[in-house]
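Input: a single structure, listed below in structure tokens.
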Amino acid sequence: MAGSNNHNITPPRWLLAELTYKCPLQCPYCSNPLDYTKHNAEISTEDWKRVLSQARKMGAVPLGFSGGEPLTRQDLPELVHHARQLGYYSNLITYGYGLTEEKIIQLKQAGLDHIQISIQASSQELNDHIAGTESYETKKQVAHLVKKHGYPMVLCVVIHRENIHQMPEILAMAEELGADYLELANTQYYGWAHKNRDLLMPSKEQFDKAEAIAQAYKEKVAGKMKIYYVIPDFHEDRPKACMNGWGTTFLTIAPDGVALPCHSARELPGLDCPNVTEYSIEEIWNKSKAFNFFRGTEWMKEPCRSCDEKEKDFGGCHCQAFILTGDMNNADPVCSKSPNHHIIEEALDSARKSALSENEQPLIFRNSKNSKKYS
């Protein structure tokens, strides 16, 4: 494991525990790897406990239990209890499918602090189509149960061309469910979402209209419900800082124990991402090639190297740069200063043409057998 030449490494502050890639839903924008079936191995309960302990000792406090669907792990209550003993603030990031009242009570007794439920649309027909599973009524019941048992009602809806027209109904649904927090997460195009990009990407006009509706509703429910509107990269002219800065804040552990600076980093070539079964979290964070690769600014080439904004966005998203240009060292093409910014314009144009086509192809779902078109 290579040593670091960066003497200003800050400790990890946020830990994402991707417990499994297993999931009963088949969402066509899933952020799991396209080849997730090649990563079937899952580390043991004891391995996870060791990871939680080591990361907490380094300073991590917020902890997300994610997946796939983390509820498929039978040891989830045990891991939640261990996290509570360590002093984490734990959040279950779930689709809610299979989250019974008994399980909610069990997790609350174990010390879970927070539950985030994801719903795909405001109508049963569209929700169940996007999820690839009949789950809408179950999700609504679970949302009410979460509220009943004293958790803040946190609702997440991923926004894309298939459901963006439902923005008024989505907002009304969130209010009806008693949501305390609503995250309107415009699709970011990695993994399965990238594969379906032409079919999922809304037009600028659709995006602007939906954002105006959401912002107006935010004022209406001020003091009652907080709305977070996540702006999509492709409609911006400056990129976001990758994970608040590569290797500065976020630590993701994949189901097989691979440690990642971001959840998509295993797609990048040559990083040699380490595994928690072989190295400690401290060794991984401070000394691994993967976590040091994009720290600081020494790795940058032009136009980033001489850019007066490089300490703000750190060159943007490296996974996006790799997906779109084939070189993870390039500036994120979202940036209007990038020589590859034309790729973004071409992608938006391709999505526009797809929306107008009479022969638009069906979505490719996470389960490839489930590809179909909504009408």
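The values are calculated or read from the model by the stated rules, or taken from the named source; none is laboratory data. For clarity, every value in this text was computed on a predicted model and none was experimentally measured. With ideal geometry, Cβ positions are generated from the backbone for all residues, glycine too; neighbour counts draw on all protein chains shown. Accessible surface areas use protein heavy atoms only, side chains included; no ligands, DNA or RNA. Shrake-Rupley method; radii C 1.70, N 1.55, O 1.52, S 1.80 Å.
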- Matching residues in the range 259-276 (open to solvent by 20 Å² or more (accessible area, probe 1.4 Å) and under 19 Å from ALA60 (Cβ atoms)) number 3
- Query: In the range 214-269, what residues are in contact (Cβ under 8 Å) with a residue 24 or more places away in the chain, within 27 Å of GLU345 (Cβ to Cβ) and hydrophobic (A, V, I, L, M, F, W, C)?
  - Reply: ALA214, VAL230, ILE231, PHE234, ALA241, CYS242, TRP246, CYS262, ALA265, LEU268
- Task: Report, by residue number, each residue of the range 9-25 that is more than 8 Å from GLY68 (Cα to Cα), modelled with pLDDT under 95 and open to solvent by less than 50 Å² (accessible area, probe 1.4 Å).
- Result: ILE9, PRO24, LEU25
- From the residues in the range 128-154 that are within 16 Å of LEU99 (Cβ to Cβ) and charged (D, E, K, R), which one is most open to solvent (accessible area, probe 1.4 Å)? GLU134
- Scanning the range 155-166 residue by residue, those assigned to a strand (DSSP E or B) and open to solvent by 10 Å² or more (accessible area, probe 1.4 Å) turn out to be CYS156, VAL158
- Query: Can ILE284 be described as over 26 Å from ILE364 (Cβ atoms), open to solvent by less than 60 Å² (accessible area, probe 1.4 Å) and either hydroxyl-bearing (Ser, Thr, Tyr) or part of a strand (DSSP E or B) (or both)?
  - Reply: no
- Task: Please enumerate the residues belonging to the range 26-55 that are open to solvent by 50 Å² or more (accessible area, probe 1.4 Å), of a type outside the set (Gly, Ala, Ser) and modelled with pLDDT of 95 or more.
- Result: GLU42, GLU46, ARG50, GLN54
- Message: For the list (1) closer than 22 Å to CYS242 by Cβ; (2) open to solvent by 10 Å² or more (accessible area, probe 1.4 Å); (3) in contact (Cβ under 8 Å) with a residue 60 or more places away in the chain, I need the number of the one condition that ALA185 fails.
- Response: (3)
- Task: Kindly indicate which of ASN292, ASN340, ASN329 is touching a Leu at 6+ places or on another chain (Cβ under 8 Å), polar (S, T, N, Q) and open to solvent by less than 60 Å² (accessible area, probe 1.4 Å).
- Result: ASN340
- Note on the structure: All-but-one check, THR297 against (1) part of a loop (DSSP other than H, G, I, E, B); (2) over 16 Å from ASP47 (Cβ atoms); (3) out of contact with any Lys or Arg (no Cβ under 7 Å at 6 or more places or on another chain); (4) of a type in the set (S, T, N, Q), failing number (3)
- Item | Filter result for the condition that a residue is in contact with a Lys or Arg (Cβ under 9 Å, 6 or more places away or on another chain) and either open to solvent by 10 Å² or more (accessible area, probe 1.4 Å) or without any contact (Cβ under 8 Å) to a residue 60 or more places away in the chain (or both), over GLU169, GLU125, GLU101 | GLU101
- Query: Got a number for residues in the range 230-240 being over 14 Å from the mean Cα position of the chain (by Cα) and surrounded by fewer than 17 Cβ atoms within 10 Å (Cβ to Cβ)?
  - Reply: 3
- Given (1) free of Cβ contacts under 8 Å to residues at least 60 places away in the same chain; (2) open to solvent by 20 Å² or more (accessible area, probe 1.4 Å); (3) aromatic (Phe, Trp, Tyr), index of the condition PHE207 fails: (2)
